[in-house]
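The values are calculated or read from the model by the stated rules, or taken from the named source; none is laboratory data. It should be emphasised that the depicted structure is a prediction, and the values quoted were computed from it without experimental measurement. A quick note on method: Cβ atoms are made from the backbone with ideal geometry, for glycine too, and the neighbour counts reach across all protein chains shown. All accessible areas refer to the heavy atoms of the entire protein, side chains included, with ligands and DNA or RNA removed. Shrake-Rupley method; radii C 1.70, N 1.55, O 1.52, S 1.80 Å.
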Amino acid sequence: MSYRTVVSIVVILLVPFSACHSGANLNSISDNLIKNQLKLLAANFKDAKSAGGAASADFVTVRSLKGDGTLNLIPTKDWCSGFFAGSLWLGSILTGDKELQQLAVAFTTPLEKEKFNGKTHDMGFKMFCSYGQGFRVTKDSIYRDILLQSAKTLTKRFNEKVGALRSWDHNAEKWQFPVIIDNMMNLELLFWASKQTGDQQFYNIAVKHAETTLANHFRADNSSYHVVDYDTITGKPIQKNTHQGFSDSSAWSRGQAWGLYGFTMCYRETGIISFLYQAEKIADFVLNHPNLPTDKIPYWDFDAPALPQRPRDVSAATVTASALFELAQFLPSKSDFYIHSAEAILTSLKKDYASAPGQNKGFLLGHSTGSFPHHSEVDVPINYADYYYLEALVRQNKFNHLKK
Ligand code: GLY
């Protein structure tokens with residue numbers, strides 16, 4: 001009997017007796033379900049990697065569940081390589097489970113080499129969600145050094161003329177200097193590095209990138225474009241497109257969530273009021289949108305056509321929930337609305353989108369959509385949905401604690 005099978009049986013046997021949530025948040029899944037699913041996914045990764053033999057040598061973690069029910073394993077360079085490690089750290093914070101912390105270390109350590117990878121803007125996703133959460137828990141100076149090198153590497157993608165960090169290097173025939181709304185998420189690593197070292201350059205680059213994004217990514221209705229392409233001679237935008245959304249002019253759901261989270265975080269780190277106003281406007285756009293379903297889990301794009309069906313994107317919902325718990329602290333007049341909305345998302349996730357014990361190979365949530373136009377990861381469990389879900393639960397606990 002394989003290790004995975006043993007863990008599956010243990011999960012199925014244990015969970016019915018432990019399904020009563022030990023924490024105060026009735027709209028979250030139970031601590032035991034979190035622990036058991038995360039451990040199951042770690043075990044399933046191990047089994048799948050060893051079954052893959054030499055062909056799996058570079059795989060260090062798990063990204064999503066394929067349509068055929070097998071795991072999508074990925075190497076360190078994948079933009080999603082830090083999320084499962086981060087989920088294990090967050091799971092250990094939520095539950096206090098020491099075994100989760102050991103697993104978190106094991107899934108974080110192989111990512112170190114990414115600290116020198118300057119070919120991508122996804123440094124924050126990969127390193128701050130893994131090593132950053134690890135540093136938060138352990139204060140390990142080795143983690144600190146790895147994060148500082150990662151931040152240094154990321155700054156190499158900053159272009160003074162454009163005033164932004166370059167996002168992608170691919171599609172060079174289409175875009176001269178593409179900047180995507182997602183890139184707001186990578187700025188947190190730079191703010192952290194500035195605070196750790198006192199080096200203002202990290203801070204200045206992050207602020208400039210956010211200001212450039214604020215100036216060029218948003219439409220009159222406060223939705224955002226996915227990709228803005230810049231002319232590196234003039235520094236001006238030359239085209240505004242989508243890559244993962246329905247159309248250039250549509251509101252791709254996860255993009256709106258990245259913007260909401262990113263500008264809320266930038267306000268937290270800088271106190272610059274225009275960042276807070278932008279976060280507020282994005283929240284208003286998303287939460288009041290006529291196409292937002294009543295359960296508050298968005299379709300993959302707010303403007304996606306209805307036929308034959310519009311898959312949801314649970315990852316957009318989890319990023320939004322996590323952002324709203326933070327935004328609520330900065331806007332007291334709307335705090336109740338944001339908390340109520342974030343909790344409504346959590347309630348829906350628990351009721352209709354969470355895995356049953358032992359289901360989905362250990363992922364916590366189903367029904368995310370990676371890239372609908374590329375027919376990639378449509379309506380499946382994806383690791384970043386779980387990561388921001390757990391972060392939302394941590395933030396909810398913090399918010400409830402502050403209220404006491
Ligand atoms: N950052 C890529 C995505 O959100 O799919």
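What the table shows:
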item: Residue tally, condition over 17 Å from Ser50 (Cα atoms) and touching a strand residue (DSSP E or B) at 6+ places or on another chain (Cβ under 6 Å), over the stretch 60-78; result: 3
item: Total residues in the stretch 212-240, condition under 22 Å from the mean Cα position of the chain (by Cα), away from the ligand (no atom under 14 Å from the Cβ), assigned to a strand (DSSP E or B) and of a type outside the set (Val, Ile, Thr); result: 1
item: So Phe275, is it crowded, with 18+ Cβ neighbours inside 10 Å and within 19 Å of Thr320 (Cα to Cα); result: yes
item: Enumeration of residues in the stretch 288-302 that are open to solvent by 30 Å² or more (accessible area, probe 1.4 Å) and free of Cβ contacts under 8 Å to residues at least 12 places away in the same chain; result: Asn288, Pro290, Thr294
item: Residue in the stretch 387-404 that is within 16 Å of the ligand (Cβ to nearest atom), buried (at least 18 other Cβ atoms within 10 Å of the Cβ) and under 15 Å from Leu71 (Cα atoms) present; result: no
item: Residue that is farthest from Val227 (Cα to Cα) [pool: residues in the stretch 173-212 that are surrounded by fewer than 24 Cβ atoms within 10 Å (Cβ to Cβ) and out of contact with any helix residue (DSSP H, G or I) (no Cβ under 9 Å at 6 or more places or on another chain)]; result: Gly198
item: Residue within the stretch 280-296 that is under 18 Å from Phe372 (Cα atoms) and within 19 Å of the chain's Cα centre (by Cα) present; result: no
item: Boolean, Thr318 is in a strand (DSSP E or B) and in contact with a strand residue (DSSP E or B) (Cβ under 8 Å, 6 or more places away or on another chain); result: no
item: Members of the stretch 237-272 found to be touching a strand residue (DSSP E or B) at 6+ places or on another chain (Cβ under 7 Å) and crowded, with 23+ Cβ neighbours inside 10 Å, listed by number; result: Gly245, Ala251, Trp252, Ser253, Gly255, Gln256, Gly259
item: Subset of the stretch 104-130 (residues that are open to solvent by less than 40 Å² (accessible area, probe 1.4 Å) and either away from the ligand (no atom under 16 Å from the Cβ) or part of a loop (DSSP other than H, G, I, E, B) (or both)); result: Ala104, Phe107, Thr108, Leu111, Lys115, Asn117, Gly118, Thr120, His121, Asp122
item: Number of the exception - Leu365 against (1) farther than 24 Å from Asn72 by Cβ; (2) crowded, with 20+ Cβ neighbours inside 10 Å; result: (1)
item: Enumeration of residues in the stretch 33-69 that are open to solvent by 40 Å² or more (accessible area, probe 1.4 Å), in a loop (DSSP other than H, G, I, E, B) and out of contact with any helix residue (DSSP H, G or I) (no Cβ under 7 Å at 6 or more places or on another chain); result: Ala57, Asp58, Lys66, Gly67, Asp68
item: Inter-residue pairs, beta-carbon under 7 Å, first closer than 18 Å to Lys35 by Cβ and in the stretch 68-97, second open to solvent by 30 Å² or more (accessible area, probe 1.4 Å) and basic (Lys, Arg), 6+ apart; result: Gly91/Lys35; Thr95/Lys35; Asp97/Lys35
item: Residue that is nearest to the ligand (Cβ to nearest atom) [pool: residues in the stretch 131-144 that are open to solvent by 30 Å² or more (accessible area, probe 1.4 Å) and either within 20 Å of the chain's Cα centre (by Cα) or within 16 Å of Thr76 (Cβ to Cβ) (or both)]; result: Arg136
item: Subset tally (residues that are in a helix (DSSP H, G or I), modelled with pLDDT under 90 and touching a helix residue (DSSP H, G or I) at 6+ places or on another chain (Cβ under 7 Å)) for the stretch 1-32; result: 8
item: Complete set of residues in the stretch 368-380 that are surrounded by 18 or more Cβ atoms within 10 Å (Cβ to Cβ) and either over 12 Å from Asp313 (Cβ atoms) or within 11 Å of the ligand (Cβ to nearest atom) (or both); result: Ser368, Thr369, Gly370, Phe372, Glu377
item: The lone exception for Thr347 - which of (1) more than 16 Å from the ligand (Cβ to nearest atom); (2) free of Cβ contacts under 8 Å to residues at least 60 places away in the same chain it fails; result: (2)
item: Matching residues in the stretch 71-97 - criterion: being under 22 Å from Asp379 (Cα atoms), touching a helix residue (DSSP H, G or I) at 6+ places or on another chain (Cβ under 7 Å) and assigned to a loop (DSSP other than H, G, I, E, B); result: Trp79, Cys80, Ser81, Gly82
